[in-house]
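First the structure, in the form of structure tokens, and then the observations on it.
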């Protein structure tokens, strides 16, 4: 197992970039997964509001009660400087001064200059409170216009604006299938698989198969088949280890294995075979490290952009998708989108996706064999093995 | 009787229309340091590649250690060490790991391999560099590592293909001494080069190749006896009347006397006291001259006379 051991040593020296890719990917995926529960419930944002009620009427207190339903009312000394400091240091988000005469003006149907508001930032929440105040006065006026007394109008407005809007969280989960975060994890996985497998394995295979090394090895007593087999074994172990790591993390993120998870794993396994076949194909050419890196970037980034990894397929143009069909990552993404619930799940289509990916792997293997045969024919003086002819 | 280690009979290798080896035959005995000398493109490397079964050939027969050599002759290959012109090591492994790796392709016993690797490290003078990576080594040390990787398994036949190309003189001497040491330890050596001085210094027998053919073979003394030139006399002289040059050219055993305005170069074939006769002519005409020196023929002279061209003129 001398070649296998050397392969692993070379791999170890070349695995820094792979480790960075894996660490960054998992470093993003795991925290996202742990914080993903926050998206399962919706909570109205609450502001710290300070109200200076200079009117001191039932109407003004009614308004304060409404604000208090979803916000925290903070009490401050009624001093302009104190309020300004509180806003500046963000002890409060919003300050409201209900001017004297508020109730009278509101009862008279006025909606302007009833109060003054102060805030430091135009956040969504601040705009929401401002709109709420505006809506409140308009609604009171509307109720009075429709014949309600001022007190009735206040009470009906309070009821109307206290009604919570029903919020439904949109879930991409396919009903008992992959969690959202796992879906996204598997969506970005092909980019990482291409970067890690192609970017790491290709330089190692190119090194081990460099002409001078193979020459020296061919002169030794090790059988050519044994050499190739040991390289294959080393490559297989690397791919398996990478895949196993990502699969275990995927299962942990998903909280277990279910049907969709199994399909996602199968999808990633077959896609890894495609990437491995692509790696073997590329490493058949005697290319330098810069070209290897370039090919890795083109394959990983190019396919990811074209096939819907970085931008969902639903947002890609028809022309792009038509071209992407000729790339294995497209079929991976189609299946993953089904598992995420972005598109309707169709078992037949899922099987087709896996079959097309497998076909890409087979095609690359056949292509590798053909290119190597062609190459060995062209380089016969240096590479063709001897077939001693009869004298 | 010495055993025949390498036997090549009527080897023919064609690359399309080009005949790389033209009925090439060779026999190398055990314990020899055999030199294959020839310009680039003469067929030296093709011969080595055919010998190692890395190349097919169109006609002929190759036997190593009395057995027919084929690509699957692993029992023969285990006794061969190959050191090629291009350094073939793994840059990701240290010096020690590299030697261990290549030794391990032949020797599976770990304890024996460790002993062999340590001996190879000592042989190549790499003791201080075992933990270095090849990229940190100088050109000369890298060549020595290349050699250590090729000989660590203690092969009976060592093939060195231009191992000293682009090596500094100090490392070159060390490499040549190392080859002699390996030979003394019992290895048969095939050494290809277009550096005739190395071949002349090292090899017990030499074959000169050109255009895929063996044009001469023998010890260096035998080769030098094949040519007319036995001595070249060079005299630094600026003014030389034509009649004096002609008189020198007509002296017994002198077959050529050329004057280029600074030096008179006289080629002699056999005879004794040639230098005295030439100097007598110059002194009788009262002609002043500077340094005088004589040279015995080199392998380059042999090659020049046999092929009509200098050995190094054809470097690619």
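State whether one or more residues within segment B:97-109 are surrounded by fewer than 20 Cβ atoms within 10 Å (Cβ to Cβ) and closer than 21 Å to residue B:176 by Cβ.
So far as segment B:97-109 goes, no, none of its residues is surrounded by fewer than 20 Cβ atoms within 10 Å (Cβ to Cβ) and closer than 21 Å to residue B:176 by Cβ.
Just to be sure, is residue B:7 at the interface with another protein chain (Cβ under 7 Å from one of its Cβ atoms) and at pLDDT 90 or above?
So residue B:7 fails the test.
Just the residues that are in contact with a strand residue (DSSP E or B) (Cβ under 7 Å, 6 or more places away or on another chain) and within 9 Å of chain A (Cβ to nearest Cβ), please, taken from segment B:56-67.
B:57, B:58, B:59, B:60, B:61, B:62
Go through segment B:25-51 and give me each residue that's within 13 Å of another protein chain (Cβ to nearest Cβ), surrounded by 23 or more Cβ atoms within 10 Å (Cβ to Cβ) and not in a helix (DSSP H, G or I).
B:43
What number of residues in segment A:184-241 are part of a loop (DSSP other than H, G, I, E, B) and either modelled with pLDDT of 90 or more or more than 9 Å from chain B (Cβ to nearest Cβ) (or both)?
1
Out of all the residues in segment B:170-207, which are closer than 20 Å to residue B:27 by Cβ and in a helix (DSSP H, G or I)?
Residues satisfying the conditions are B:183, B:199, B:202.
Of these, A:289, A:328, A:381, which one is at pLDDT 85 or above, within 14 Å of chain B (Cβ to nearest Cβ) and either within 30 Å of residue B:58 (Cβ to Cβ) or touching a helix residue (DSSP H, G or I) at 6+ places or on another chain (Cβ under 9 Å) (or both)?
A:289
Of all residues in segment B:115-135, how many are in contact with a helix residue (DSSP H, G or I) (Cβ under 8 Å, 6 or more places away or on another chain), assigned to a helix (DSSP H, G or I) and without any contact (Cβ under 8 Å) to a residue 40 or more places away in the chain?
Adding up the residues that qualify gives 6.
For segment B:141-159, check the following and say yes or no: at least one residue is in contact (Cβ under 8 Å) with a residue 60 or more places away in the chain, under 23 Å from residue B:38 (Cα atoms), surrounded by fewer than 18 Cβ atoms within 10 Å (Cβ to Cβ) and touching a strand residue (DSSP E or B) at 6+ places or on another chain (Cβ under 9 Å).
No, segment B:141-159 contains no residue that is in contact (Cβ under 8 Å) with a residue 60 or more places away in the chain, under 23 Å from residue B:38 (Cα atoms), surrounded by fewer than 18 Cβ atoms within 10 Å (Cβ to Cβ) and touching a strand residue (DSSP E or B) at 6+ places or on another chain (Cβ under 9 Å).
Does residue B:70 fit the bill of being over 28 Å from the mean Cα position of the chain (by Cα), surrounded by fewer than 22 Cβ atoms within 10 Å (Cβ to Cβ) and either more than 19 Å from residue B:186 (Cα to Cα) or within 9 Å of chain A (Cβ to nearest Cβ) (or both)?
No; evaluated as a whole, the condition is false for this residue.
Looking at segment B:73-88, which of its residues are more than 8 Å from chain A (Cβ to nearest Cβ) and either part of a loop (DSSP other than H, G, I, E, B) or over 16 Å from residue B:191 (Cα atoms) (or both)?
Passing the criteria: B:73, B:76, B:79, B:85.
Among the listed residues A:97, A:73, identify the single one that is more than 20 Å from residue A:160 (Cβ to Cβ), free of Cβ contacts under 8 Å to residues at least 40 places away in the same chain and surrounded by 14 or more Cβ atoms within 10 Å (Cβ to Cβ).
A:73
How about segment B:89-113: which of its residues are more than 7 Å from chain A (Cβ to nearest Cβ), within 15 Å of residue B:142 (Cβ to Cβ) and in a loop (DSSP other than H, G, I, E, B)?
Answer for segment B:89-113, where residues must be more than 7 Å from chain A (Cβ to nearest Cβ), within 15 Å of residue B:142 (Cβ to Cβ) and in a loop (DSSP other than H, G, I, E, B): B:89, B:91, B:94.
Any chance segment A:246-263 includes a residue that's touching a residue at least 24 places away in the same chain (Cβ under 8 Å), within 14 Å of chain B (Cβ to nearest Cβ) and crowded, with 18+ Cβ neighbours inside 10 Å?
no
If you check A:287, A:291, A:295, A:270, which single one turns out to be touching a residue at least 60 places away in the same chain (Cβ under 8 Å) and over 27 Å from the mean Cα position of the chain (by Cα)?
Of the residues listed, the single one that is touching a residue at least 60 places away in the same chain (Cβ under 8 Å) and over 27 Å from the mean Cα position of the chain (by Cα) is A:287.
Looking at segment A:304-319, is at least one residue in a helix (DSSP H, G or I), more than 25 Å from residue A:356 (Cβ to Cβ) and in the same structural domain as residue A:340 (by TED's automatic domain parsing)?
no
The values are calculated or read from the model by the stated rules, or taken from the named source; none is laboratory data. The shown structure was predicted, so the numbers you read here are calculated from the model rather than taken from an experiment. Every residue, glycine as well, gets a Cβ built from its backbone with ideal geometry; the counts of neighbours run over all protein chains shown.
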